[in-house]
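The values are calculated or read from the model by the stated rules, or taken from the named source; none is laboratory data. Worth saying up front: this structure is predicted, and the values here are computed from it rather than measured. Note: ideal-geometry Cβ built from the backbone for every residue, glycine included; neighbour counts use all protein chains shown. Accessible surface areas use protein heavy atoms only, side chains included; no ligands, DNA or RNA. Shrake-Rupley method; radii C 1.70, N 1.55, O 1.52, S 1.80 Å.
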Amino acid sequence: MSDAVLVIGAQSEIGQSLIAKVIAEEKASQVIAVSRSDCPNSLASRVSDETRLTWMRCDYSDQEMADVVERCGVLLAEKNVTLNRLVICNGRLHDSTISPEKRIEDLDRDTLHAIFESNAVVPALWLKHLKVLLKTHLKGRIPAVIAVLSARIGSIEDNGKGGWYAYRASKSALNMLLKTSAIEYQRTLPELRFIAFHPGTTDTPLSKPFQRSVPEGKLFTPDFVAASLLARLSESLAVNTALASFVAWDGSQIPW
Ligand SMILES: NC(=O)c1ccc[n+]([C@@H]2O[C@H](COP(=O)([O-])OP(=O)(O)OC[C@H]3O[C@@H](n4cnc5c(N)ncnc54)[C@H](OP(=O)(O)O)[C@@H]3O)[C@@H](O)[C@H]2O)c1
C-alpha cells in the first residue's frame with residue numbers, strides 16, 4: 001500500500017512547497033490538499049504528476065469540513081493508499097486591517113477573535129472532524145502523524161519579549177488543543193503522533209512585513225522548511241517518539 005499526505009490550508013507557501021516536494025520525490029505518494037481557494041497556478045506548474053494531487057475547496061464551516069473528511073475517506077479507499085501524514089498549515093498574523101500588537105493598549109476584541117479563529121479554532125475543528133476518518137482508516141494499528149504549523153512565539157516558557165498578543169496566544173492555544181486531543185486520540189489510535197511544528201522565520205506573505213529584523217541566514221525558504229518538516233514527520237513515523245511534541249525545523253525541542 002502507498003502513502004497519502006493530507007495538507008490543510010494548502011494555499012500556505014510552506015504547504016505548497018510540501019505538496020510539490022512530496023509529488024516530486026515520492027513517486028507513489030498521493031497528496032490531498034484542502035484550502036479556501038483553488039490550487040494556485042504557481043503550484044500547478046510545479047506539479048509534474050497531477051494525477052497524484054487532489055485539491056478540495058473548503059470554507060472551513062463544520063458542514064464543509066465533514067464533507068471533505070468524507071470525500072477523503074472515499075478517495076483513500078479508491079486509491080488504496082494509507083493516510084499517514086497530516087499537516088494543518090492555517091495561520092494568520094496580519095492583513096490589511098490587522099497587525100500584531102506592540103502594547104496592551106493595542107488589544108482589540110475583533111482582532112483577537114479573528115486571529116484565534118484562524119490559528120486555533122479552525123485547526124482544532126479539523127482535529128475533531130478527522131477523528132472519525134482516522135479511527136476507521138488507521139484501525140488503531142498503523143503509525144501516522146499529525147502536524148500543526150505552530151510557532152516558537154506560542155511557547156509560554158520561552159516568552160521573554162512580550163508583544164504580538166493575539167498571534168502568540170493563539171499559537172499557545174493551538175498547542176494546548178493539539179496536546180489535549182493527542183491524549184484523547186491515544187485511547188483509540190495509540191500509533192498516532194502529534195507535532196506542533198515551528199518552521200523558523202520563513203520567506204512567505206505571513207512574515208513579509210517583519211523580515212528586516214531577521215539576522216542573516218535565518219530567513220528560510222519555504223522549500224527548505226518543507227524538507228525540514230518532512231524530515232520531522234519521517235522521524236515521528238520511524239522511531240518511538242513522544243505522543244505530542246513541540247519541535248523546531250531543526251528537530252530541537254521547544255518548551256511548551
Ligand atoms: N512564515 C513564517 O515565518 C512562519 C513562522 C512561524 C510559524 N508560521 C506558521 O506557518 C503556517 C504557514 O504559514 P505561511 O508562512 O506558509 O503563511 P501563508 O503563505 O501566509 O499561509 C497562510 C495560511 O493560513 C491560512 N489562512 C489565512 N487566513 C485564514 C483564515 N481567515 N481562516 C483560516 N485559514 C486562514 C491559509 O489557508 P488557505 O489555504 O485556506 O488559504 C494558509 O494555510 C502558519 O500557521 C504560520 O503561523 C510561519
- Note on the structure: residue 63 meets each of (1) open to solvent by 20 Å² or more (accessible area, probe 1.4 Å); (2) within 22 Å of residue 12 (Cβ to Cβ); (3) under 21 Å from the mean Cα position of the chain (by Cα) with one exception, condition (2)
- Task: With respect to residue 100, determine if the residue is more than 16 Å from residue 15 (Cα to Cα) and at pLDDT 95 or above.
- Result: yes
- Query: Is it the case that residue 88 is within 19 Å of residue 195 (Cβ to Cβ), touching a residue at least 60 places away in the same chain (Cβ under 8 Å), surrounded by 21 or more Cβ atoms within 10 Å (Cβ to Cβ) and within 16 Å of the chain's Cα centre (by Cα)?
  - Reply: yes
- Query: Any residue at all in segment 161-175 that is over 30 Å from residue 24 (Cβ atoms), assigned to a loop (DSSP other than H, G, I, E, B) and within 13 Å of the ligand (Cβ to nearest atom)?
  - Reply: yes
- Message: Restricting to segment 118-160, give me the number of residues that are near the ligand (Cβ under 10 Å from one of its atoms) and part of a strand (DSSP E or B).
- Response: 2
- Residue check, residue 68 open to solvent by less than 10 Å² (accessible area, probe 1.4 Å), within 16 Å of the ligand (Cβ to nearest atom) and over 30 Å from residue 211 (Cβ atoms): yes
- Message: Test of understanding: among 128, 135, which residue is open to solvent by 90 Å² or more (accessible area, probe 1.4 Å), within 21 Å of residue 193 (Cβ to Cβ) and modelled with pLDDT under 95?
- Response: 135
- Kindly indicate the residue of segment 208-256 that is assigned to a helix (DSSP H, G or I) and open to solvent by 80 Å² or more (accessible area, probe 1.4 Å) and also farthest from residue 100 (Cα to Cα) among those meeting that condition. 238
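Could you list, in sequence order, all residues of segment 3-49 that are hydroxyl-bearing (Ser, Thr, Tyr), more than 11 Å from the ligand (Cβ to nearest atom), part of a loop (DSSP other than H, G, I, E, B) and open to solvent by 10 Å² or more (accessible area, probe 1.4 Å)? Working first, answer last.
Within segment 3-49, the subset hydroxyl-bearing (Ser, Thr, Tyr) is 12, 17, 29, 35, 37, 42, 45, 48.
Filter again for more than 11 Å from the ligand (Cβ to nearest atom), leaving 29, 42, 45, 48.
Checking the rest, the ones that are also part of a loop (DSSP other than H, G, I, E, B) come to 29, 45, 48.
Across segment 3-49, the qualifying residues are 45, 48.
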- Those residues of segment 179-207 which are in contact (Cβ under 8 Å) with a residue 60 or more places away in the chain, more than 15 Å from the ligand (Cβ to nearest atom) and either under 19 Å from residue 90 (Cβ atoms) or surrounded by 18 or more Cβ atoms within 10 Å (Cβ to Cβ) (or both), in sequence order: 179, 182
- Name every residue in segment 96-124 that is under 21 Å from residue 58 (Cβ atoms) and free of Cβ contacts under 8 Å to residues at least 12 places away in the same chain, in order of residue number. 113, 117, 121
